[in-house]
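The values are calculated or read from the model by the stated rules, or taken from the named source; none is laboratory data. Every value quoted in this text rests on a predicted model; they were computed, and no experiment measured them. Counting neighbours? That spans all protein chains shown, and the Cβs are built from the backbone with ideal geometry, glycine included. Note: areas computed on protein heavy atoms with side chains; ligands, DNA, RNA excluded. Shrake-Rupley method; radii C 1.70, N 1.55, O 1.52, S 1.80 Å.
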Amino acid sequence: MIDVATWRVIGRGDERICYQHPDDPARCVKLSRRDKAKQTRRELRYFRLLSRRGVPFTLIPEFFGVVKGEGVIGIEQQLVLDDRGELPPNVADYLAAPLTPQQASRFWAGMGALKAYLLAYNVVPCDLVMSNLLVIEREDATTVMLIDGLGASEFIPLPDYVPWLGRRKIRRKWTKFIAKTVKPRFAATRPCQPR
């Protein structure tokens, strides 16, 4: 029996609520009602596939397993935190404030590294939106991690299993996401002078 009444809520979506794990603050549990768990079931299948393929969990959260309770099912995974142990901003929040030229350069380098990772390991995003990407600033670099919305959403998810289909889907989704979402937001926040 899972009693989430005292668990800290760290995020909410249409289908799931994300909690900080009560026994391990470096992990989270994304819970869905069993009757509304399509995304959770897809991601569980996909995380298991990535684990079998030996994909390193460097720019997506590490997967620890399935969580089941009365009427709920969920995913236990790494809670992405910054170097201070705090939740980093998502891309929308990060781009809401003006960036220095150095921050802007590091942000785009982090985005490029994430795209290269997705293509190299055929990690297919189904929901590429700014709230699913977290930005972690460090002294020498900025890391962008995809924390949610993984796995092809087709009834028969061929892009997950056929790398050239996966890469084609990744490129198409990435190009659209950058052009329609990130670049307009980035342009709206003119870089500021170094702090």
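Taking Cα atoms only, the orientation of helix 38-53 departs from the longest principal axis of the chain by about 80 degrees. Dipole of the chain computed with +1 at Lys/Arg Cβ and -1 at Asp/Glu Cβ about the Cα centre; of Ala113, Pro25, Ile75, farthest Cα towards the positive end is Ala113. The long axis of helix 101-121 is offset from the longest Cα principal axis of the chain by roughly 40 degrees.
Here, P(r) means the percent of Cα pairs in each 10 Å bin from 0 to the largest distance; for region 15-114 it is 13, 36, 33, 15, 2, 0.
Identify the trypsin sites (Lys or Arg not before Pro) of region 1-73 meeting these criteria: DSSP loop state and at most 15 other C-beta atoms within 10 Å of the C-beta.
Working: sites: Arg8, Arg12, Arg16, Arg27, Lys30, Arg33, Arg34, Lys36, Lys38, Arg41, Arg42, Arg45, Arg48, Arg52, Arg53, Lys68; in loops: Arg8.
Taking region 1-73 and a limit of 15 other Cβ atoms within 10 Å, the loop trypsin sites (Lys or Arg not before Pro) found are Arg8.
What percentage of the solvent-accessible surface of the chain, computed with a 1.4 Å probe over protein heavy atoms, is contributed by carbon and sulfur atoms? Walk me through the numbers on the way to the answer.
Values: 5500 of 10520 Å².
That fraction is 52 percent.
At q = 0.12, 0.13, 0.15, 0.17 Å⁻¹, what base-10 log of I(q)/I(0) does the Debye formula yield for the chain when every alpha carbon is treated as an equal point scatterer in vacuo? Result of the Debye calculation: -0.62, -0.73, -0.96, -1.19. Please identify the GluC sites (Glu not before Pro) of region 98-195 that satisfy two criteria: DSSP loop assignment and at most 11 other Cβ atoms within 10 Å. Which are they? Sparse-neighbourhood loop GluC sites (Glu not before Pro): Glu139.
How far, in nm, would the chain grow between Trp108 and Leu87 when pulled straight, counting 0.36 nm per residue and subtracting the alpha carbon separation? Before the final figure, lay out each step's value.
On the way: separation 21, 0.36 × 21 = 7.56 nm, distance 2.04 nm.
Stretched out fully, the Trp108 to Leu87 stretch lengthens by 5.5 nm.
Taken about its Cα centre, the chain carries a charge dipole of about 1020 debye when Lys and Arg each add +1 at the Cβ and Asp and Glu each add -1 at the Cβ. Of the residues Trp164, Ser153, Ala141, the one whose Cα sits farthest towards the positive end of the charge dipole of region 132-173 is Trp164 (charges of +1 on Lys and Arg Cβ, -1 on Asp and Glu Cβ, taken about the Cα centre).
Modelled spin-label separation between Thr175 and Val4, with each label point placed 7 Å from Cα along the Cα-to-Cβ direction: 3.8 nm.
How about region 35-125: which GluC sites (Glu not before Pro) there lie in a loop by DSSP and see at most 13 other Cβ atoms within 10 Å?
On the way: sites: Glu43, Glu62, Glu70, Glu76, Glu86; in loops: Glu62, Glu70, Glu86.
Those that pass, being in a loop and sparsely packed, are Glu70, Glu86.
Full extension of the chain between Leu119 and Ala141 yields a length gain of 5.8 nm, computed as 0.36 nm times the residue separation minus the alpha carbon distance. Averaged over its residues, region 46-181 has an accessible area of 47 Å² per residue, based on protein heavy atoms and a 1.4 Å probe.
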